[in-house]
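A.B. asks: Quick one: this structure, given as structure tokens, is what I'll be asking you about.
The values are calculated or read from the model by the stated rules, or taken from the named source; none is laboratory data. Bear in mind that the values here come from a model prediction, so they are computed numbers and not experimental data. No Cβ is skipped: glycine too gets one built from the backbone with ideal geometry, and neighbour counts run over all protein chains shown. Accessible surface areas use protein heavy atoms only, side chains included; no ligands, DNA or RNA. Shrake-Rupley method; radii C 1.70, N 1.55, O 1.52, S 1.80 Å.
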Amino acid sequence: MEGGAGRETSVSRADATDGHHAAASRDQLLFAAMHTSPDAFVVLDHEDRVEWWNRAAERLFGWSVEEAVGQLLTDLVVPEPYKAAHDEGLRRRAAGGRPRLGADPVQVEAVCRDGRHILVELSVGELEWDGGRRFHAFIRDVTDRESARTALELSENRFRMAFENAPVGMLLTEVGDADFGRVISANPAAVKMLGYSQEELCSMSCSEITHPDDARRDARLVPRLLSGAVDKLQYEKRFIGRDGRHVWVAFSATVVREVDGSPIHSIHQLVDVTQRRSAAQELVRLNRELRRANEELAAANAELDGFSAAVAHDLQNPLTAIAMHADLLAESEGERATALRAAAAIARAARRMNSLIEGLLAYSRAEGAALRREEVDLDALVDDVANELAVLSDRPVRVTRDDLPSLHVEAILFRQVVSNVIGNGLKYVAPGVVPHVHVSAEKDPATHAWTLRFADNGIGVAPESRERVFEAFHREATAYPGNGIGLATCRRIVERHGGRIWIEGGTAGGTVVSVRLPVDGDA
């Protein structure tokens with residue numbers, strides 16, 4: 001060692017001995033440390049011959065220290081393709097040039113005694129010792145580490161390629177304590193689907209682009225995913241696009257976790273099902289319309305059946321009149337006046353039957369078409385119906401009326417309503433009571449709608465049955481004959497006119513049937 005100029009030192013024999021022992025102890029300590037180091041340690045002379053290496057080097061390269069000492073490092077561990085470059089480096093170093101390898105670790109390939117090629121991390125140092133230049137190197141086997149890093153890079157590249165080129169939308173998001181957080185990345189399919197740019201999406205959280213109704217479901221289910229209670233979430237939900245439209249997606253979410261199971265981030269897959277749902281909703285709508293059309297068709301068929309039965313029932317009245325008066329005519333050959341009255345009744349009944357038949361044919365041809373309304377004098381209509389029913393009755397009957405208005409209605413159909421309602425009032429009367437029906441009318445000053453009331457003195461209808469009697473073929477349990485078609489037909493006709501028909505109890509017993517008709521054009 002070199003001292004400063006003019007400096008004096010004084011060392012005793014005991015001090016020198018102690019110093020020698022201390023240096024020897026340090027050398028032994030350093031030797032033991034190098035020998036037991038987990039990294040290979042090699043000492044080379046200036047010609048690149050091995051002067052010593054530790055146990056880790058023995059294990060790494062397969063040569064014992066005795067076999068390695070004196071051998072060129074090139075011959076022991078440098079692979080054939082790199083020997084020329086290694087020798088060139090030695091010549092440059094011998095000529096005083098700067099060595100290519102230094103203290104900073106570099107990765108190079110090495111060969112072992114058994115021919116295996118490994119990747120090592122190498123750092124080289126230079127020192128002066130015992131009058132000559134020496135080189136030492138720390139060497140670490142990084143083959144497995146680099147293989148794992150390469151595999152990780154390959155996996156990351158594959159994931160990136162799959163993420164970027166997936167035909168479905170994909171979002172990579174942060175995770176919070178109980179929710180999906182900020183979007184980390186979005187693939188082109190998600191950008192196109194939602195309408196946001198990549199930069200816009202990466203400035204938003206997943207909840208910001210989720211429909212509020214579906215965000216509530218996320219808040220309920222996401223904690224179960226993050227806690228590991230479920231492996232993934234799958235359901236349909238709505239995202240809100242940049243233009244505000246609702247994008248329905250088949251949503252799937254999974255979580256990438258640390259080794260200890262704690263969540264790192266989440267991966268979402270989005271399959272746009274907006275059109276599919278629209279098509280399904282349209283199919284539901286069409287099925288609903290078809291069902292409604294079928295119901296209307298069934299109702300129309302039932303109405304036609306009921307109407308035909310009702311008209312057939314009404315045709316029996318003039319036929320009965322014809323038959324009865326024909327019998328009277330046959331029995332009164334010598335009574336000219338009686339014969340003339342019978343003939344006139346027959347003619348009236350025949351005309352009535354013909355009118356009903358024509359009405360039925362016209363109704364059948366005009367099914368679903370607008371009503372052929374005309375001005376009908378209700379005074380004349382009620383009087384004509386009363387006379388007809390009086391002739392057919394087997395006992396005296398009374399039909400009275402107030403002054404009635406003229407209404408713009410379908411004449412043939414509305415005659416059926418008047419005939420059925422008055423006929424029922426005269427029919428359902430207790431024995432020994434003269435049947436009486438009174439017809440009145442009242443105009444609503446606000447709407448100008450007319451309400452006709454047919455009040456009778458019959459046996460009445462129980463409150464619980466006042467709606468059921470309008471059902472086709474419904475008959476109350478009475479001894480009176482009937483087929484339960486008349487009132488059902490009346491309701492259908494009144495409703496076709498835009499009106500309403502209902503039953504109430506009379507103030508003095510009996511029944512009041514009310515028919516409310518709006519002014520023409522309000523139906």
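A.B. asks: So which helices (runs of 4 or more DSSP H) are wholly in segment 170-285 and hold at least 3 residues that are at positive phi and open to solvent by less than 40 Å² (accessible area, probe 1.4 Å)?
C.D. replies: Numbers: elements: 188-194, 198-201, 212-227.
The helices (runs of 4 or more DSSP H) meeting that bar number zero.
A.B. asks: Among the residues of segment 419-459, what is the count of those that are β-branched (Val, Ile, Thr) and out of contact with any strand residue (DSSP E or B) (no Cβ under 8 Å at 6 or more places or on another chain)?
C.D. replies: Filtering segment 419-459 down to residues β-branched (Val, Ile, Thr) leaves 421-422, 429, 433-434, 437, 439, 447, 451, 459.
Cutting the leftovers down to out of contact with any strand residue (DSSP E or B) (no Cβ under 8 Å at 6 or more places or on another chain) gives us 433, 447, 459.
The total comes to 3.
A.B. asks: Of the numbered conditions (1) surrounded by 13 or more Cβ atoms within 10 Å (Cβ to Cβ); (2) of a type in the set (Gly, Ala, Ser); (3) assigned to a loop (DSSP other than H, G, I, E, B), ALA455 satisfies every one except a single condition; which is it?
C.D. replies: (3)
Results for (1) loosely packed, with under 10 Cβ neighbours inside 10 Å; (2) on the phi < 0 side of the Ramachandran plot; (3) at pLDDT 85 or above, shown as yes or no for each residue.
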{"position": "SER10", "(1), (2), (3)": "yes, yes, no"}
{"position": "MET34", "(1), (2), (3)": "no, yes, no"}
{"position": "VAL42", "(1), (2), (3)": "no, yes, yes"}
{"position": "ASP48", "(1), (2), (3)": "no, no, no"}
{"position": "PHE61", "(1), (2), (3)": "no, yes, yes"}
{"position": "GLU66", "(1), (2), (3)": "yes, yes, yes"}
{"position": "LEU73", "(1), (2), (3)": "no, yes, yes"}
{"position": "VAL77", "(1), (2), (3)": "no, yes, yes"}
{"position": "ALA85", "(1), (2), (3)": "no, yes, no"}
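A.B. asks: For the subset of segment 384-416 comprising residues that are in a loop (DSSP other than H, G, I, E, B) and within 19 Å of VAL515 (Cα to Cα), which member is most open to solvent (accessible area, probe 1.4 Å)? So that I can check it myself, show each step before the final result.
C.D. replies: As a first pass, look at segment 384-416 and keep what is in a loop (DSSP other than H, G, I, E, B): 393-397, 402-405, 410.
Applying the additional criterion that residues be within 19 Å of VAL515 (Cα to Cα) yields 402-405, 410.
Working: ASP402: 67, ASP403: 137, LEU404: 18, PRO405: 18, GLU410: 25 Å².
Here the answer is ASP403.
A.B. asks: Here is a further query. Within segment 136-195, can you find the residues that are farther than 30 Å from VAL106 by Cβ, among the polar types (S, T, N, Q) and touching a strand residue (DSSP E or B) at 6+ places or on another chain (Cβ under 6 Å)?
C.D. replies: Within segment 136-195, THR173, SER185, ASN187 meet the criteria.
A.B. asks: Here is a follow-up. May I ask you to list the residues in segment 430-452 that are open to solvent by less than 50 Å² (accessible area, probe 1.4 Å) and part of a loop (DSSP other than H, G, I, E, B)?
C.D. replies: Once the filter is applied, which keeps residues that are open to solvent by less than 50 Å² (accessible area, probe 1.4 Å) and part of a loop (DSSP other than H, G, I, E, B), segment 430-452 yields ALA430, PRO435, ASP444, ALA449.
A.B. asks: So, in segment 286-300, exactly how many residues are of a type outside the set (D, E, K, R) and open to solvent by 70 Å² or more (accessible area, probe 1.4 Å)? Lay out the reasoning, then the answer.
C.D. replies: If we filter segment 286-300 for residues that are of a type outside the set (D, E, K, R), which is where we start, we get 286-287, 290, 293-294, 297-300.
Narrowing further to those that are open to solvent by 70 Å² or more (accessible area, probe 1.4 Å): 286-287, 290, 294, 297.
Summing the residues that are of a type outside the set (D, E, K, R) and open to solvent by 70 Å² or more (accessible area, probe 1.4 Å) in segment 286-300 gives 5.
A.B. asks: Moving on to the next point. How many residues does segment 426-461 hold that are without any contact (Cβ under 8 Å) to a residue 60 or more places away in the chain and on the phi > 0 side of the Ramachandran plot?
C.D. replies: 2
A.B. asks: Considering (1) outside any strand (DSSP E or B); (2) within 30 Å of GLU51 (Cα to Cα); (3) open to solvent by less than 100 Å² (accessible area, probe 1.4 Å); (4) not acidic (Asp, Glu), say which one ARG145 fails and leave the rest.
C.D. replies: Going through (1) outside any strand (DSSP E or B); (2) within 30 Å of GLU51 (Cα to Cα); (3) open to solvent by less than 100 Å² (accessible area, probe 1.4 Å); (4) not acidic (Asp, Glu) one by one, ARG145 breaks only (3).
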